[in-house]
Each structure stands twice: as C-alpha cells, then as structure tokens.
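Structure first, commentary second.
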Amino acid sequence: MRKVQLIGPFSQLLPMTSLPVKGALKDEQLKIIEKGGVLVSEGKIVAVGIFEDLKNQATDIHFIEGKSVCLPGFVDSHTHICFAGSRARDYAYRNAGKTYLEIAKAGGGIWDTVTQTRKASQESLEKGIIERSESHLANGVTTLEVKSGYGLSVEEELKMLRAIKQANSKTKVDLIATCLAAHIKPKDWSQDKEYLDEIANNLFPLLKSENLTLRVDAFVEESAFSMEEIKPYFQKAKDMGFDITVHADQFTTGGSQVAVDFGAISADHLEASTEKEIQILAQSNTIATALPGASLGLGCDFTPARKILDAGGALSIASDHNPGSAPMGDLLTQASILGTFEKLSNAEVLSGITFRAAAALNLSDRGKTARGCLADLVVFPTDNYQEITYHQGQMKPIQVWKKGQPISQNQ
Ligand code: NIG
Ligand code: FE
C-alpha cells in the first residue's frame, strides 16, 4: 500500500497560494489554515487542508506538538556559495572608508576570490558548498541557486560547475546551478582575444553536454561587462536555449534594460535603479530580485523594493551569499530587515522568499504548499506568522522537511 503521511496539526498553515507573482500584496490576502495539515506521498504534496479532515486519507501521522506555523520551504534564488578563501580584509578596508570599486582596483575584490578558488580542488569546493547549503537548510532554505564565476576560464568554470553538480547529488537541498563566467574580465586574459567568445564557443556546449546548468548570468556594470559587450554573449546563450539572468543596476544603471530586452528570468541587485528602470521592469515578465545581504555587507542603499512592487513588478528576495559583498548568508534575517527599511508587508516578504523566488528560477513546483508541489516545508515555533519576520531571523525553524523527509539536525 502506498504510504501517505499526514503532517500536523499546525497552529497556522500558510500555503502561499492564490497570490499573484507581480505587484504589491497586503497581509489580508494571505490564506491561513488554522489547525492545518499536509498530506505527503513520495516526496510530493497530495493534499492541504484542516488536519482532522485529512486524517482518513493518511496511512501514518507525524504529529506536531505545541505552537507551529508552517510555510513552504524557502527558496534562495541568488547565491555564490561555491568559493574558497575569505575576504574579511576587504570588509575591514571598506569599513575604514575604501569603496568596493577602489578595493577591486587595488587587487582585492572578486579577483582575490578567483585566485583562491582556482587554487582549490573540485573536492574542496564541493565540501564548502555542502557545508554552506546545510546551514541554509537548517534555516529553512530548501532550494538554493549557486553561481560559478570565480573560475573565469573554461577549465576553472567547469571545475566550479562540476563541484556544484556533485554537491547537489550529495546534499538534501536542491542546488540550481548558474554559469556566471561573465562575472568580471579575467586579469590574466590576453587582450587580443575575446574572453566572452571563448566562453560562448567552448564552455556553453559543455554546459549542455555535461548537463551542468540551464542558466547563464552576467555582471553588467562599468567595472565588469558593458551593455554593448554583453549583448552578443546573451544572444548566443539564448540561441542555445539557456535561461538568462543578470547582475543589473548594482552601481550604475543599464543592466535591467538588457535583462528585459533579452527576456531574462530575473534582474538582480537593482540598488541603483531609478524610476525609469523600475517602470521597465514592472512592465516586463522579468522578476526583480533584491539582495539585502549585499546592501548590508557593503553598507549601501537597499533595492527600491517598495517602488518596484507599487509599480506592479515581481519581487524575489535572495541572500547573494558570497565572500565579498554578502558574507552573512542569512536569508530570513536579510528579508526581514529589507521589510523594515522598504516598508514591505509580511505577505510581500514571505512571497519574496517562496513562490516569487521560485519564479525567479523558472520553477513552478515549489515555493507554495499545494497539491503536486514538492513537500518542502519549514515550521516555526509560534502560533502567529507575524512573529517570524518580527524576530528578524532570530526565530529559527523547529523543523524543516525536504521532499517529505524531516531534516535530522532539527529533529
Ligand atoms: O552579487 N556584483 C557582483 N558579484 C557579487 C559579488 C561577488 C564578490 O564580491 O565576490 C554580488 O554582489
Ligand atoms: Fe551576486
């Protein structure tokens, strides 16, 4: 007989369903099932409703004792957790008054991590990804995007993407890989050859044949790649069927226009976006991704999340976890803090780390607790969902479920 497990009863179950991907949200729009339960079979959700009403369909029951709020497992749609080394020195320099760009020009910044990551073996990178993804999982993140971008050559980017693929097969978190070979111009690259052509011609086919990723990202910025440089690169990626995502408008504008022109799934950062870029994004299907961890790490403005939502845009919130701009890597803390500075409702913050973040990865089978979705759940020790953002990440989950399996360190 097929095993059908009922999990519950939860004081409140917020399925995050029946909400639009785009636009502002009020907390009154949140559906709340009191004394709710979730029926799970073979890693997927079979039914969601009132615990007592689902009992007769269950072959066994996992009882939740005490106060509990159940949300869909969180989705972190933008990270760089495949890296070696630390940039604590950069952080201290920044806090002593040097800017991110000055540090990069003086030999610190992204190139420092490239140097360290190139020295690391694929196995040690894999180990680092697993450790970091498990700490995200304990905080309720059940799907994590992971970028390459600290290799900056065909071989070194392959090493990173192979490490991500191996780590994905060994960790319970779903890792969604993205090729960010267009992160910055490699300092050791001969100027008479086109780096981006080399990547498109020699790396893109291998990404397909080795099944390493379906996604291509680029950092569109004065200090990285200009709008004009990146267009032929994105065109080749698009022609080969890759989804596009862009590091856009972090320090200067332009990236969000490229993102929309190429039908990118998401445009991420947007700290420098003005009214013009907000309107361009809001009128498109490209998801705007705020990265409050980068604002906190660099000590700069937050993405204008309120304005993006009010203009009708879609907002994902991600950690950008990386050794340089965003070393903290705590998604719930960062999303809660973004909420206080940008005046976001709980519905907007929670949507930004669940189904709207899933949409930023082109995934429709997660980020909501609904029949047919993955049984990825996060459970908090409270009977009022408002307590979760109120504690700004300090209320930790008491349970996390990944594809219907409880995660051992929280049990
Ligand atoms: O998203 N902006 C470009 N890339 C990363 C920073 C990576 C790093 O500093 O190592 C970001 O913030
Ligand atoms: Fe990033």
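Points worth noting:
- Only one entry in T245, T274 is of a type in the set (V, I, T) and within 16 Å of ligand 2 (Cβ to nearest atom), namely T245.
- Qualifying residue in the stretch 52-63 (condition: surrounded by fewer than 22 Cβ atoms within 10 Å (Cβ to Cβ) and touching a helix residue (DSSP H, G or I) at 6+ places or on another chain (Cβ under 6 Å)): no
- Selection count, the stretch 90-133, where residues are in contact (Cβ under 8 Å) with a residue 60 or more places away in the chain and under 27 Å from L332 (Cα atoms): 9
- Only helices (runs of 4 or more DSSP H) whose full extent lies in the stretch 262-364 are considered here, and the ones with at least 1 residues that are aromatic (F, W, Y), out of contact with any Cys (no Cβ under 8 Å at 6 or more places or on another chain) and more than 14 Å from ligand 1 (Cβ to nearest atom) are 331-342, 355-359.
- Among the residues of the stretch 82-121, the one identified as within 11 Å of ligand 1 (Cβ to nearest atom), assigned to a loop (DSSP other than H, G, I, E, B), out of contact with any Phe, Trp or Tyr (no Cβ under 8 Å at 6 or more places or on another chain) and under 30 Å from T286 (Cβ atoms) is R87.
- When we screen E210, E229 for residues that are surrounded by fewer than 24 Cβ atoms within 10 Å (Cβ to Cβ) and touching a Lys or Arg at 6+ places or on another chain (Cβ under 8 Å), the only hit is E210.
- Hits in the stretch 291-330 - residues which are crowded, with 24+ Cβ neighbours inside 10 Å, within 16 Å of ligand 2 (Cβ to nearest atom), hydrophobic (A, V, I, L, M, F, W, C) and over 14 Å from H80 (Cβ atoms): I317
- Filtered residues of the stretch 213-227 (kept if within 14 Å of ligand 2 (Cβ to nearest atom), outside any strand (DSSP E or B) and free of Cβ contacts under 8 Å to residues at least 60 places away in the same chain): E221, A224
- Residue under evaluation S86, criteria (1) surrounded by fewer than 21 Cβ atoms within 10 Å (Cβ to Cβ); (2) within 16 Å of ligand 2 (Cβ to nearest atom), criterion not met: (2)
The numbers here are math on the coordinates, done by the rules we state, and not lab data. The structure presented is a predicted model; accordingly, all values stated were derived computationally and were not measured. Every residue, glycine as well, gets a Cβ built from its backbone with ideal geometry; the counts of neighbours run over all protein chains shown.
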